[in-house]
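Asker: Shown below is the structure under consideration.
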């Protein structure tokens with residue numbers, strides 16, 4: 001999944017100026033900050049579908065997917081209607097070099113055309129995760145990313161469309177992935193068998209979906225806040241620093257998505273365990289996914305320590321950008337270890353439908369991040385090192401709070417079983 005951003009960054013990294021990579025990095029972060037707010041379309045769908053799957057309730061499973069799809073289309077249409085206001089807001093947020101801002105806005109305007117497809121794609125992924133169809137998920141994701149690679153090279157290298165080529169390549173990939181995804185789940189999940197009107201509009205089901213969506217939206221806002229602020233503040237330090245940070249962030253995103261493999265597994269298996277009332281199964285899920293995720297976090301940190309400098313050279317041939325990325329590489333080496341618990345427990349809490357607990361933990365972690373930057377600004381030491389320190393502390397606090405809350409989560413989710 002992170003290959004979309006990595007390829008976009010690498011293609012721009014070999015353009016003649018740092019402005020191109022800076023514009024795509026800034027545009028992608030602003031775009032992601034808005035779009036990832038609606039990640040509840042995927043996470044909420046996974047939790048509700050997995051629990052219905054565990055309970056053997058196929059009608060509720062299909063109804064959950066149709067509710068998610070309806071919500072996805074409505075949100076996308078609202079965003080498209082608000083696009084002039086969103087562009088105006090983005091222009092106010094951007095404090096980059098004058099040459100970077102127009103390129104960033106061009107990128108953002110084009111990417112909005114992919115909103116309906118991307119949101120439906122998120123619901124499709126939720127359905128695939130929730131029914132444990134991970135092989136199908138992998139094939140769909142490969143299609144999305146490989147098509148994006150091909151179109152990036154075609155539009156930028158062959159057609160010389162620049163930043164617009166990167167944006168259109170991703171938009172086209174989103175529409176193809178959404179269409180293929182719907183086709184892949186339509187027959188296996190029997191979506192043609194529409195749920196009854198009473199089942200689809202059941203107040204309790206919509207209440208669960210909307211309540212979880214609200215808490216996950218707030219949670220995702222505070223997850224995104226450090227990434228957004230780091231990018232916006234780095235933009236004020238110049239295009240070279242912003243471009244260097246963009247490369248390092250792509251490394252982190254690759255590791256994040258690798259660790260998310262275990263988080264997504266935990267989501268699906270936790271939801272199934274909750275739906276089928278198997279407490280021991282949930283505990284084993286947490287233990288085994290935790291072991292594998294920790295091992296992968298250690299390996300990722302070692303790879304970055306040994307090969308990070310060489311990988312930076314592959315990503316860009318601009319000397320200043322290489323130097324900046326290499327200076328701040330040590331911070332990124334520590335992030336996989338700090339974030340293992342954050343990603344794993346995200347999956348467990350989401351699968352259990354514990355969105356409120358996730359929201360509260362993220363509020364506290366974001367407070368620590370903001371306090372770190374506030375103290376640095378007060379003492380006149382707010383620089384790029386401080387930005388990365390804040391990110392590291394944010395990950396550590398997330399991991400710690402969710403780990404501490406796990407025993408309480410188990411007691412709450414299976415409280416009825418314990419009473420009997």
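None of the figures in this text is laboratory data; all of them are computed from the coordinates on show. Bear in mind that the values here come from a model prediction, so they are computed numbers and not experimental data. Neighbour counts are summed over all protein chains in view; Cβ atoms, including those assigned to glycine, are modelled from backbone coordinates with ideal geometry.
Asker: Starting from the 7 Å offset along Cα-to-Cβ, what nm value, one decimal, do you get for the label separation of residue 404 and residue 93?
Answerer: According to this spin-label approximation, the distance is 3.1 nm.
Asker: Give me the number: length gained by fully extending residue 143 to residue 364, i.e. 0.36 nm times residue separation minus the C-alpha to C-alpha distance, one decimal in nm.
Answerer: Extending this stretch completely gives an extra 75.8 nm.
Asker: Between residue 66 and residue 314, what FRET efficiency comes out of the Förster formula 1/(1 + (r/R0)^6) with R0 = 51 Å and r the beta carbon distance, rounded to 0.05?
Answerer: The computed FRET efficiency comes out at 0.70.
Asker: Set the Förster radius R0 to 45 Å, insert the Cβ-Cβ distance between residue 190 and residue 306 as r into 1/(1 + (r/R0)^6), and round the FRET efficiency to 0.05.
Answerer: For residue 190 and residue 306, the calculated efficiency is 0.35.
Asker: Let me ask something else about it. Taking the Cα centroid of the range 185-222 and of the range 21-87, what is the distance between the two, rounded to the nearest whole Å?
Answerer: Between the Cα centres of the range 185-222 and the range 21-87 lies a distance of 11 Å.
Asker: Residue 356 to residue 182: extension gain in nm, 0.36 nm per residue of separation minus the Cα-Cα distance?
Answerer: Contour length minus the Cα-Cα distance gives 59.7 nm.
Asker: Taking R0 as 30 Å, what's the FRET efficiency between residue 202 and residue 292 from their Cβ-Cβ distance, rounded to 0.05?
Answerer: Computed FRET efficiency for residue 202 and residue 292: 0.20.
Asker: What residue among 307, 228, 282 has the largest mean-square fluctuation in a Gaussian network model of the chain, using Cα springs under 10 Å?
Answerer: Answer for the Gaussian network model of the chain: 307.
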